[in-house]
Structures are given as C-alpha cells and as structure tokens.
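Below: one structure, written as structure tokens.
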Amino acid sequence: MGHRVVRAVGRRGVAGAFTLLELLVAIAIISVLIGIIIPVIPKVRDSARKAVCQSNLRQVGIAVAEHQDDHREEFPRARYMPRPWLSGDEDPPLNAALASYLEPNSEVWQCPGDHQVHEATYEDEDGTARECGVSYTYTTGLSGRTFEDSFFARFLELQPFEVPVLHDYDGGTYELEVPEGRSPDEFQPTEQIDFFHSSRSYLYADGSVG
C-alpha cells in the first residue's frame, strides 16, 4: 500500500511539470500576444492624448461662448499665438483675453501631445523668463467680430460648424519673434513643430470639436 502511494505521488509530480515542448508552446503564444499588443500601444496613447486635447478645446469653447454672451456675440479679441511665436498684431493672447472665464495658466491650454509650443520661453520687457503657455492657435479672422460679420460668413458663406476657432499649433515650420536689438533681415528664427496627434483637433465656431 505504501509503495503504491509513493508511485502515485511520483507520477503526479511528473505530470504537473512543464515539458520542453509545452514551454516552447507557451513562449510562442506569449511572443504572438506581444507582437499583437506592441503595435497597438502607440495608437492607444494617441487616442488618449487626442481625447484629452478635444476635452481641452471643449472647455475653451465654453469660455468663448461665455465671452460671447457678455460681448454681443463677438469672439474674443486676441492674437494668433502668444509670444514668443510671431503673431503680427498687438492684441493679447487668447488665454489672457479669456482670463475672466478660464484660468490663463490652466492645464486646459496645453495639448498632451505638445512638448514644444506650450513650453517655448522668452524674456519679457523686464527680463523675466516667461512661457508661451498655449498649444493652440486662434483664428484671428474671428477676433473681435460676430460670426455673421466675419469674412468666413460674408464672403465665403461658410457655416459656424465649418470654421475653426482654435486648433493644434502643429505640423509645420513656424516663425518666432525677432529678439530685441536684432533686425528681421539678419535674424529670422523658425522652428519645426511635429504633429501632436495622428490627426489635428479643432474647435469650431458652433462650439463643436472634431
């Protein structure tokens, strides 16, 4: 009786162990799963960044709508991009123009895919280092106007859902402001900005995001 028990235990020990073939099969299955998962990870990350970016734009859109309610349906008067990016006008940046409706330093102003534009620095008039603080570019054709009075409605006959108010400042070569004491002829700094996502995010004049 005792001999049979010993043999049974021994058999169970052998049966419970991995054979070389089983180990190879398990490794092959794991390798296949890794091969499936790894290519998907960047797409998942991109989708997550894009979702956060579009949420940011929706919140800015709410602030824009609140501004319009208080200013006869006019869009905020703001420049194309904050310093140090070249804008060509003297209006405040959009995050400053909407300061009464949305905190200028809010994380909402930074696209999670942006590691260049928002963090670009410059020195203000008193030599203090400042950060751009915005990842999105503003459509100045709407600045200080109602949609009906804009070029897009009057001459192009576009609808609000067709006209972007704000979008990612990405995927191109952009000019920076010329530093104090330098001539535009001798110093024309530019910077190549990578795309923040696989496709650009937009806030449209009707408040929708896409």
Q | In region 50-105, the GluC sites (Glu not before Pro) that fall in loop regions by DSSP, at most 10 other Cβ within 10 Å | A | 90
Q: Starting from the Cα-Cα distance between residue 28 and residue 208, subtract it from 0.36 nm times their residue separation and give me the gain in nm to one decimal.
A: 60.1 nm
Q. What nm value, rounded to one decimal, do you get for the distance between residue 72 and residue 19 when each label is placed 7 Å out toward the C-beta?
A. 8.7 nm
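Values quoted throughout were computed directly from the atomic coordinates according to the rules given, and no laboratory measurement underlies them. All figures in this text were calculated on a predicted structure; none of them were measured in a lab. With ideal geometry, Cβ positions are generated from the backbone for all residues, glycine too; neighbour counts draw on all protein chains shown.
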